[in-house]
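Student: Before we start, here is the structure in question, set down as structure tokens.
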């Protein structure tokens, strides 16, 4: 984000509670003069989260460790284009619907964000694909797959 010229920057929302190792992140925001461009609302209540996703041009999720990737699924269910990491469970959630990238390759993230920012056609396609992919994650399908897993384990 810091590699964008100030006139190229959309506001960035860094949402969520302060997790482990958050101090260097907030220090980097200040050091790079980004405090006016990066909003840090903290934890967003469940009742309000769809409003934030729906207001976003794109949802970035550069996670390194992830159990499932619920924020990615939530964003896709709101029709928000997604750019996320290609590690852990995230490809299962987003592949075919958004961009998946190595989490530590800054240049790849910059290029992806520039593409998303400048390509309304990609954003529209990713929004449609994300809605379709998110619709596949139902409680019924989850239960069916869980039962199948247990049956295979018991066989």
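The values are calculated or read from the model by the stated rules, or taken from the named source; none is laboratory data. Worth saying up front: this structure is predicted, and the values here are computed from it rather than measured. Note: ideal-geometry Cβ built from the backbone for every residue, glycine included; neighbour counts use all protein chains shown.
Student: Can you list residue pairs whose Cβ atoms sit under 8 Å apart, with the first residue in the stretch 92-107 being at positive phi and the second being at pLDDT 95 or above and surrounded by 14 or more Cβ atoms within 10 Å (Cβ to Cβ)? Count only pairs 6 or more apart in sequence or on different chains.
Tutor: From residues that are at positive phi, the pairs are 96/129; 96/133.
Student: Continuing with this model, one more query. With (1) without any contact (Cβ under 8 Å) to a residue 12 or more places away in the chain; (2) within 28 Å of residue 132 (Cβ to Cβ) as the list, and residue 31 as the residue in question, which single condition is left unmet?
Tutor: (2)
Student: With the requirement that a residue be surrounded by 12 or more Cβ atoms within 10 Å (Cβ to Cβ) and over 21 Å from residue 107 (Cβ atoms), what does the stretch 2-38 give you?
Tutor: Hits for the stretch 2-38 are 13, 15, 16, 18, 22, 26, 35.
Student: In the stretch 130-153, is there at least one residue being part of a loop (DSSP other than H, G, I, E, B) and touching a helix residue (DSSP H, G or I) at 6+ places or on another chain (Cβ under 8 Å)?
Tutor: yes
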